[in-house]
Ligand SMILES: Cc1ncc(COP(=O)(O)O)c(C=O)c1O
């Protein structure tokens, strides 16, 4: 870059910082007037400067920011490989598709294999199982942890079981010791959906490092955001190679965008029945997708990752404030429980209205909505009762009684770092008034 261009660039950054303070500096919280959201993007001038920096590069596709983002993300999680993609849903499809790669030899997954999962969750944890022609096998979860148990998984095993695909529900890790051990014992793949759990730990280690491959989401509601975005992470070089190929159109070549001849054999190899020396850039070893991110998304991610430890601390702190406030109503609500050995960076504070309570979930969540306090249900409730799933091939391994209770009576409140103690105290006051009204 020439000197004049560099000077202009820095002037632009200064203006962006000024703009940020004018446009985004937060007004004070006004109870009953300022919405108490369940999630949202938390950022400052550094994300916008970084975004503008990448815009001025005008590189557009994955580039220097993506390289930095992937390296920092892998270092944070503790995996050898981390690959950015355009959403958590893409990450889940990519993760499962990579496990079907011929690069994995006889251990690879195939259409018709059974994958154990749960119906109480987000649709795009289960969808890739259907989309790849495998069979989801549904088991129930526990109310309180909102995760399933190793015993439930063990009972659901069949001679067709080849994988276990579970989300760490709302940031609460699954029982990774026991489930990881079962996966090894039965020689089945463990896929961790960490979309709501970046920064949650189990036995002091980050989630996403226990299974064969893990997925992450960076949609604005999540622990960090790129706007839209996601990632897969793994320690297995063959799975990483397959994932990269599938992400990048299915190509065999591992060059990054704009790079040429990384292998030094671009025109020097025989691939199948292609003519000798066929350009490696156009050799396809997988039936792939294009799930890549732009450098502008990664530029935001680079700054968000620096804030991640503080974001996680704030999530844990907000969870504790809710927990303390809800103790007094434990006869009306089942309160959330962290999985033993875990330290969740909670995505949210989930509660289940007891059937002995003098109100229903909907009565309470409507009341909160009227007082500008956002809540959400635990995603799809029982996925099998959603219209889209009426005709899918599947097996239900046990009664999904708790899943149905979750659909009827569970909701969650936010823990995201944009929430202050003052906002949570206001919300607790509103809930108190509601409960007193109900006698
Ligand atoms: C558990 C889980 N998996 C996957 C996803 C999908 O992520 P994305 O919205 O980035 O596609 C979500 C989304 O919130 C989720 O909660």
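State, as an integer percentage, the relative contact order of the chain based on alpha-carbon contacts under 8 Å between residues 6 or more apart. Please list the in-between numbers first.
Numbers: 900 pairs, mean separation 101.2, N = 439.
Relative contact order comes out at 23 percent.
Once you wrap a convex hull around the alpha carbon atoms of the range 52-297, what is its projected area averaged over all directions, in nm²? List each step's numbers first, then the result.
Details: hull surface 55.2 nm².
Mean orientational projected area (the range 52-297, Cα hull): 13.8 nm².
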Over the chain, the sum of -39500 (n - 2.57) across DSSP H runs of at least four, divided by residue number and rounded to 500 deg cm²/dmol, gives at 222 nm -12000 deg cm²/dmol
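Provide the three semi-axes, in whole Å and in decreasing order, of the ellipsoid equivalent to the range 1-77 as defined by the square roots of 5 times the Cα gyration tensor eigenvalues. Each step should come with its number before you reach the end.
Numbers: eigenvalues 179, 87, 15 Å².
Equivalent ellipsoid of the range 1-77: 30, 21, 9 Å, largest first.
Express as a percent, rounded to the nearest 5, the fraction of DSSP beta bridges in the chain (both residues included) that run antiparallel. Let's see the in-between values first.
Values: 25 of 44 bridges.
If we restrict to bridges inside the chain, about 55 percent are antiparallel.
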Between 255, 195, 263, which gets the highest mean-square fluctuation from a Gaussian network model of the chain, Cα cutoff 10 Å?
-> 263
Hey, how many Å between the Cα centroid of the range 124-141 and the Cα centroid of the range 353-373?
-> 31 Å
Dividing the mean separation of Cα pairs under 8 Å (6+ apart) by the residue count of the range 308-437 yields a relative contact order in percent of 36 percent
Which order do peptides 93-101, 300-308, 431-439 fall in by mean Cβ count within 10 Å, highest first?
-> 93-101, 300-308, 431-439
Relative contact order of the range 1-156 (C-alpha contacts under 8 Å, at least 6 apart) in percent is 13 percent
Checked the range 154-253 against the a/c 1.5 cut and the a/b vs b/c comparison, axes a ≥ b ≥ c from its Cα gyration tensor; verdict oblate
Could you estimate the translational diffusion coefficient of the chain from the Stokes-Einstein equation, with Rh from the Kirkwood formula over C-alpha pairs, at 20 °C and 1.002 mPa s, in whole µm²/s?
-> 92 µm²/s
Among 256, 147, 127, the residue with the largest mean-square fluctuation in a Gaussian network model of the chain built from Cα contacts under 10 Å is 256
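For a protection proxy built on the mean count of beta-carbon atoms within 10 angstrom, sort 287-295, 205-213 highest first, please.
Working: 287-295: 19.4, 205-213: 23.0.
With the highest mean Cβ count within 10 Å placed first, the list reads 205-213, 287-295.
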Hey, how many Å between the Cα centroid of the range 226-293 and the Cα centroid of the range 1-59?
-> 35 Å
Among 5-18, 378-391, the order from most to least packed when residues are scored by Cβ within 10 Å on average = 378-391, 5-18
Could you work out which residue, out of 31, 106, 350, moves most in a Gaussian network model of the chain, that is, has the largest mean-square fluctuation with Cα springs under 10 Å?
-> 106
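Bear in mind that the values in this text are calculations on the coordinates, not laboratory data. Everything numeric in this text was worked out from a predicted model, so none of it was measured. Methodologically, a virtual Cβ is constructed for each residue, glycine included, from the backbone with ideal geometry; neighbour enumeration extends over all protein chains shown.
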